Amino acid sequence: MTTTVDLAPPPAPSSDPRTPRRLSPGLQPSDRIFHGGATVIGMVVLALTGAIGLFLGFQSIPTLHYYGLHFFTETQWLPELNKIGIAAVLVGTVEVALVAMVVSFPLALMLALFITDYAPKRIKSWLISTVDLMAAVPSIIYGLWGFYLLQPHAINVARFLSQYVGWFPVFHVDTDPNAAVWQQSRYTSSAFIAGLAVAMMAIPLACAIMRGVFDQAPLGEREAAMALGGTRFGVARTVVLPFAKGGVIGGTMLALGRALGETAAVLIIISPAYDIKPRILEAGTQTTSALIAGNFGNATKSQLSALLTAGFVLFLITLAVNSFAAVFIRRSRSGAGTEI
Amino acid sequence: MKVSLDGAGLTGGAPRPDAGAGVRPVGPAPAGLDALGVCAWFGQTQVLDDVSLSVPPATVTALIGPSGCGKSTFLRILNRMHESTDGAQMAGEVFLNGEDIYGPGHRLTDVRKQIGMVFQKPNPFPSMSIADNVTAGLGLTNTKVSRSDRVDLIEECLTRAGLWSEVKDRLDRPGSALSGGQQQRLCIARSLAVRPKVLLMDEPCSALDPTSTRRIEDTIAELQDDVTIVIVTHNMQQATRVSQRAAFFLAEPGSLGGIVEQGDTVDLFEHPRDERTSDYVNGRFG
């Protein structure tokens, strides 16, 4: 079989010679097949994401129609009393995610810097695969780890914080931290402990992206800093971190997107409570995804619509965070060659 | 010996605005550098064998030779940049004013601070302004200076690098906005700010146009009283213009890189003792 490629189109004398010529890409058949296949797959991904968004949006219509803006201002989730709202749930979601970010950001940053700039070569690859393995551990495992292994110790930290910085509303716990027999249960199942478990899942994601951009820091600039007598920390501070700023912020935002949606680990650790409160160390909170996971099993049709509406809101928030991260990374110098 | 240095239009006929401003460095005296029996490996591959070179203080020494003969590797051994490459090893000794820079008790960072380096490709820090680029080495070596000293240092180093008059009105602009030649002179100013005793230059003009090259050569001529310079160059004319001493490197097929001949630049170019040197400087190979 022969393929004829029309390389020389007949001249079009009637057209104005000053109009730009239409150029054909002149692809080989194999290129065409790959181009077509890749386009289809790319479109399918976009279509799927769009379809999920549309599905959630349609499902939300009855709920939003019925409750209106109250859906966003009501704190309680009591379908039996016809009181449904996500105000407290959204606050809880953000609290858990922020705790996870505050814990995971410095750890991921230092871990990535250690891997790219400090670790001896033999440890390096070993460390990279271990961090990647952290990402492969199912989130339910982190939940069990958080509940059974972390929590008994974390409550001591929580009590310590509430003892010494409890005057600050975030660290306040509504009990007497100095009591001879302190109320341990007031410190369990909190946003703080859930956040710690989520941080374990956010670290490998943030670390992988930061490592990627740290590695791209130009060798010429690194050598310039070294040749001036710079220490490794000096090189990191002068060359690597300024270069990687965009990637660091973008990686953190992606990890935040992950933390916002985390379900299984949070569901195991927290005990549901529907109050808007800044007290992250105190028992009881609720996140959007844990709310859905905990309630959809015995939900009626209208309750399901309400849960899906909560999911829709979370979908939009995560979409916004991830889009912001992508834009940030692409606009930064380090991100020019990175696609996330 | 400085035949073409003073003659070849160094000052371009007109008085240089930068020169003679009474800007003298207050740094350490230039130091001599002696390499003894230097060998180098990348992984299992040996690239340099038993190279010895003596660099007198306050001179310019040119390292010439065809590509791939180990000139740059040798240069990077002189300020311990070689070991920053994965798998790179070396043997031998390098003495700075009589002290082995690879000896115990010598901190890597101190060695590199005393023996500065200018690279083939200009590499200013793009996130920093011109002024911050000049003083970047101070931050990197944790050297504290007062604000007024910093301003003086910026002017002094940019003047010595022959860049002051071109950038004095835009010191807060990013260093990466300069032309290639200006960037390279900014890199020289940045190296000078940490007061090196020796400055190594690895083909500093190979990425530059002839005018910028001439400006850098002027700068080298002005610096040589204050700092010992070792320059790798592929340009024979440049070697004769800027250097008083020269060393010819060669890695013949089947043998390792090393110095074939070294001595006064004029002698090396006009009366080479070795036939291979003669062939190379007369453009018969390489």
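For the reader, a short list of remarks on this structure follows.
- Restricted to segment B:84-108, and to residues there that are closer than 18 Å to residue A:230 by Cα and at pLDDT 90 or above, the residue that is nearest to the chain's Cα centre (by Cα) is B:101.
- Qualifying strands (runs of 3 or more DSSP E) (wholly inside segment B:54-150; at least 1 residues being surrounded by fewer than 16 Cβ atoms within 10 Å (Cβ to Cβ)): B:88-96
- With respect to the conditions (1) more than 14 Å from chain B (Cβ to nearest Cβ); (2) closer than 30 Å to residue A:131 by Cβ, residue A:225 lacks only one, and its number is (1).
- Scanning segment B:240-276 for residues that are free of Cβ contacts under 8 Å to residues at least 40 places away in the same chain, aromatic (Phe, Trp, Tyr) and closer than 17 Å to residue B:37 by Cα yields a count of 0.
- Segment B:81-113, subset out of contact with any Gly (no Cβ under 8 Å at 6 or more places or on another chain) and polar (S, T, N, Q), residue nearest to the other protein chains (Cβ to nearest Cβ): B:84
- When the residues of segment A:268-320 are filtered to those that are more than 30 Å from residue A:168 (Cβ to Cβ) and either in contact with an Asp or Glu (Cβ under 8 Å, 6 or more places away or on another chain) or of a type in the set (Val, Ile, Thr) (or both), the one that is modelled with the lowest pLDDT is A:300.
- Lone unmet requirement of (1) crowded, with 22+ Cβ neighbours inside 10 Å; (2) closer than 19 Å to residue A:98 by Cα for residue A:229: (2)
- Here residue B:237 clears all of (1) in contact (Cβ under 8 Å) with a residue 60 or more places away in the chain; (2) over 26 Å from residue B:40 (Cα atoms) except the condition numbered (1).
- Selection of first residues in segment B:203-219 that are in a helix (DSSP H, G or I) and of second residues that are aliphatic (A, V, I, L, M), restricted to Cβ pairs under 6 Å at least 6 apart or on distinct chains, gives the following pairs, ordered by first then second residue: B:217/B:242; B:218/B:10; B:219/B:161.
- Residue within segment B:155-168 that is outside any strand (DSSP E or B), surrounded by 17 or more Cβ atoms within 10 Å (Cβ to Cβ) and within 14 Å of chain A (Cβ to nearest Cβ) present: yes
- Residue in segment A:116-129 that is of a type in the set (A, V, I, L, M, F, W, C) and touching a residue at least 40 places away in the same chain (Cβ under 8 Å) present: yes
- Any chance residue A:116 is within 14 Å of chain B (Cβ to nearest Cβ) and crowded, with 20+ Cβ neighbours inside 10 Å: yes
- Residue within segment B:233-242 that is within 14 Å of chain A (Cβ to nearest Cβ) and surrounded by fewer than 22 Cβ atoms within 10 Å (Cβ to Cβ) present: no
- Those residues of segment B:114-131 which are more than 18 Å from the chain's Cα centre (by Cα) and facing chain A (nearest Cβ under 10 Å), in sequence order: B:125, B:126, B:127, B:128
- Taking segment B:132-154 as the range and being of a type in the set (Gly, Ala, Ser) and within 11 Å of another protein chain (Cβ to nearest Cβ) as the test, the residues that pass are B:136, B:137, B:139.
- Listed by first and then second residue, the pairs linking a residue in segment A:242-259 that is within 16 Å of residue A:102 (Cβ to Cβ) to a residue that is of a type in the set (Ser, Thr, Tyr) and buried (at least 24 other Cβ atoms within 10 Å of the Cβ), with Cβ atoms under 8 Å apart and 6 or more places separating them unless they lie on different chains, are A:255/A:104; A:259/A:104.
- Scanning segment A:237-284 for residues that are more than 14 Å from every other protein chain (Cβ to nearest Cβ), surrounded by fewer than 24 Cβ atoms within 10 Å (Cβ to Cβ) and in contact with a Gly (Cβ under 8 Å, 6 or more places away or on another chain) gives A:264, A:267, A:268, A:271, A:272, A:273, A:275.
- Among (1) in a helix (DSSP H, G or I); (2) over 16 Å from residue B:62 (Cβ atoms) - the single one residue B:268 does not satisfy: (2)
The values are calculated or read from the model by the stated rules, or taken from the named source; none is laboratory data. All values reported here derive from a predicted model rather than from experimental measurement. So basically every Cβ, Gly included, is an ideal-geometry build from the backbone, and we count neighbours across all protein chains shown.
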